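**Q** Mind looking over this structure? Questions follow.
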Amino acid sequence: QCQLSGLWRNEQGSLMEIAVLSDNGDFQGQYLTRVTLSGGCARISPLKGAQQQLGEGGWPTFAFTVRWDKFSNATTAFVGQCFVDADGKEMLATMWLLREAVGCLEEDWKATR
């Protein structure tokens with residue numbers, strides 16, 4: 001069974017810490033990205049999310065958002081699933097969408113990555 005709470009590191013060296021999950025699957029944590037849109041100095045940013053209640057499989061799905069705090073005008077939504085590989089290592093498989101603020105509706109086309 002995969003446990004979502006704890007400290008995670010991705011391929012780019014970013015760090016995410018998820019606090020203990022509540023009984024209903026809600027969680028909070030923090031994210032320190034090594035990749036920024038502005039090229040500026042990243043700061044720890046808050047995250048909030050929810051994990052689907054575990055069924056018999058033990059491979060929970062989850063979603064969370066990160067509000068990039070004090071260095072970006074963007075928000076990112078992540079969705080994914082937690083797995084354990086053949087060697088017993090826990091891994092998160094995720095996809096994300098980043099929304100950056102733009103100045104007008106005509107620039108909306110370039111706001112989501």
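**Q** Suppose the filter is surrounded by fewer than 16 Cβ atoms within 10 Å (Cβ to Cβ), at pLDDT 70 or above and part of a strand (DSSP E or B); does Gln53 pass it?
**A** So Gln53 fails the test.
**Q** Starting from residues that are open to solvent by 50 Å² or more (accessible area, probe 1.4 Å) and over 17 Å from Phe83 (Cβ atoms), keep the ones in the stretch 8-18 and report whichever is modelled with the highest pLDDT.
**A** Per the criteria, the residue is Glu17.
**Q** Out of the stretch 87-113, which residues are touching a residue at least 12 places away in the same chain (Cβ under 8 Å) and among the charged types (D, E, K, R)?
**A** Passing the criteria: Glu90, Arg99, Glu100, Arg113.
**Q** State all residues of the stretch 75-107 that are open to solvent by 60 Å² or more (accessible area, probe 1.4 Å) and among the charged types (D, E, K, R); if no residue qualifies, say none.
**A** Result: Asp87, Lys89, Glu90, Arg99, Glu106, Glu107.
**Q** I've got another one for you. What are the residues in the stretch 67-113 that are assigned to a loop (DSSP other than H, G, I, E, B), of a type in the set (Lys, Arg) and closer than 24 Å to Arg43 by Cβ, if any?
**A** Lys70, Arg113
**Q** Quick check: anything in the stretch 32-47 at pLDDT 85 or above and over 18 Å from Leu7 (Cβ atoms)?
**A** No, the conditions are met nowhere in the stretch 32-47.
**Q** While we're looking at this one, here's another question. How many residues are among the aliphatic types (A, V, I, L, M) and more than 16 Å from Arg34 (Cβ to Cβ) when one looks only at the stretch 65-86?
**A** Here the count works out to 4.
The values are calculated or read from the model by the stated rules, or taken from the named source; none is laboratory data. Being a predicted model, the structure only gives us computed values, none of them experimental. Positions of Cβ are backbone-derived with ideal geometry, glycine not excepted, and every protein chain shown enters the neighbour counts. Areas reflect the complete protein model, heavy atoms only, side chains present, ligands, DNA and RNA absent. Shrake-Rupley method; radii C 1.70, N 1.55, O 1.52, S 1.80 Å.
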